[in-house]
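The values are calculated or read from the model by the stated rules, or taken from the named source; none is laboratory data. If you're wondering where the values come from, they're calculated on a predicted model, not measured in any experiment. For neighbour counting, all protein chains shown are included, and Cβ atoms are generated from backbone atoms with ideal geometry for every residue, glycine included. Just the protein is used for accessible areas: all its heavy atoms, side chains included, with ligands, DNA and RNA removed. Shrake-Rupley method; radii C 1.70, N 1.55, O 1.52, S 1.80 Å.
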Amino acid sequence: MNLSDSKKKLALAGVLCGIVAALLAYFGNPSNMAICIACFIRDTAGALGMHQADTVQYARPEIIGMVLGAFVIAVATKEYRSTAGSSPMIRFVLGMIIMIGSLVFLGCPLRMVIRMSAGDLNAWVALIGFILGVATGAFALKKGFSLGRSHETNKGSGVVLPALMAGILLLAVFTTLLKSSESGPGSLHAPILLALIGGLVFGALAQKSRMCFAGSIRDVILMRNFDLLTVILGLFVVMLVFNVATGRFTLGFDTPGVIAHSEHLWNILGMYAVGFAAVLAGGCPLRQLILAGQGSSDSAVTVLGLFFGAALCHNLGLASSGTALNAETGEVVAGAVTTNGKVAVIICIIVCFVIGFTCKREKAK
């Protein structure tokens, strides 16, 4: 079944994805997070020992499920195609940039929308940067940007990332080799089986609906096509209803427990880098996971860049801190962006401009 051929089907896909996110939030995932690709990849990287931040280490079954869900549905509907060969190292760098921008903002585009649905005004501010970043990427596309064409390759190549994800799941379930947080966001999670099923369903729906947060805005800018926004709107509405109904909706800035900060410039610039890099890479973090699941080794390389970027963020002190309550005094301690994170975002934006306006189709040079 194709969910992308009508707005009604896209809205339905968004509603179903929203229900999955709401269930995961209700049954234990961190507040105002539910499903966050950047945060969950960071947690999984921590579980694998790629960084030592002990509060964000947990092999998130949702990430594994998304890749496997996209893989299964792609094979079942004969959409699986093993492709590779389109500027892999640049895609790896773009994956790093997406992750760095996300962890300076404290969330991927999916979490940005979920935070918006919970009344977090910081996320609405960050949306400005994300739209501007996507618009800059769209301008680069109009000027001839291209990373080259991918080509069909050995069918086994496209199975590598799904197989690695399945391996991580087996290690998490049947061994004690992986690290797991005892406090902080990494210690908050839905039951493993529910999280895995949620990821599988979300991945399958995202694959069939072509869900992409950067792509939806890019299509509006380049083609005045609002179709993909429909699936995002469906998810937003469900999460808004869920947050209001469960008392999780809090309108404002500097809200403790949301895992967010109110440094507006850096929220904007962080998501600007994410939007810009996502358009150049051909999709947001969620879309990269889905494309990797359906056989794209180029997207798999981008996903590896996300993992590496997550490790860099916590090993080099690039990730921001969220607003919290001081346990001893009960006072609100504002979240903050590190100096290292600020420098990294500026470098990331510069790199995006270099990539976006130097990598062009042959006839466009």
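Along the range 184-197, what does the Karplus equation 6.51 cos²θ - 1.76 cosθ + 1.60 (θ = phi - 60°) give for ³J(HN,Hα), rounded to whole Hz, x for Gly and Pro?
x, x, x, 8, 9, 7, 6, x, 4, 5, 5, 5, 5, 4
All other residues with a Cβ under 12 Å from the Cβ of M239 taken together, and with Lys, Arg as +1 and Asp, Glu as -1, what is their net charge?
Values: positive: R111, R115, R248; negative: D120.
Overall, the nearby charge balance is +2.
What size of dipole, in debye to the nearest 20, comes out for the range 197-330 about its Cα centre when the only charges are +1 on Lys and Arg C-beta atoms and -1 on Asp and Glu C-beta atoms?
Values: 6 positive and 6 negative charges, 87 e Å.
Charge dipole of the range 197-330: 420 debye, to the nearest 20.
Could you order the peptides 203-211, 106-114 from most to least packed, using the average number of other C-beta atoms within 10 Å per residue?
Details: 203-211: 25.6, 106-114: 28.1.
Averaged packing, sorted descending, gives the order 106-114, 203-211.
Please compute the per residue accessible area over the chain with all protein chains in place, 1.4 Å probe, rounded to a whole number of Å². Spell out each step's value before the answer.
On the way: 14630 Å² over 365 residues.
Ligands and nucleic acids excluded, the figure is 40 Å² per residue.
Considering only C359, V231, L10, whose Cα is most displaced toward the positive end of the charge dipole of the chain, charges sitting on Cβ of Lys, Arg (+1) and Asp, Glu (-1)?
Farthest towards the positive end: C359.
So who's got an amide H within less than 5 Å of the one on V333, skipping anything under 5 residues away but keeping other chains? H placed 1.01 Å off N, in plane.
Here A324, L325, N326 satisfy the definition.
When the Cα centres of the range 10-77 and the range 84-155 are compared, how far apart do they sit, in Å?
Between the Cα centre of the range 10-77 and that of the range 84-155, the gap is 18 Å.
Using θ = phi - 60° and the Karplus relation 6.51 cos²θ - 1.76 cosθ + 1.60, list the HN-Hα couplings for the range 214-219 in order, rounded to whole Hz, with x at every Gly or Pro.
After applying 6.51 cos²θ - 1.76 cosθ + 1.60, I find 6, x, 5, 6, 4, 5 Hz.
Quick check: from the Cα gyration tensor, does the range 186-291 come out rounded (a/c under 1.5), prolate or oblate?
Values: a/c = 1.57, a/b = 1.14, b/c = 1.37.
It comes out oblate by the Cα gyration axes.
Carbon and sulfur atoms: what percent of the 1.4 Å accessible area of the chain do they account for? Before the final figure, lay out each step's value.
Numbers: 9780 of 14630 Å².
After summing per-atom areas, the C and S share lands at 67 percent.
No partner Cβ under 4.7 angstrom, meaning no disulfide-compatible partner by this rule: which Cys of the chain qualify?
Lacking a cysteine Cβ partner under 4.7 Å: C17, C108, C212, C284, C313, C348, C352, C359.
Below 28 Å Cα-Cα, how many Lys pairs turn up in the chain? Only count pairs eight or more apart in sequence, or on different chains, if you could.
Count of close lysine pairs: 17.
Is the C-alpha gyration tensor of the range 15-114 telling us rounded, prolate or oblate? Criteria: a/c under 1.5 is rounded; beyond that, a/b larger than b/c is prolate, otherwise oblate.
Values: a/c = 1.71, a/b = 1.12, b/c = 1.52.
It is oblate, given that a/c is not under 1.5 and a/b is not larger than b/c.
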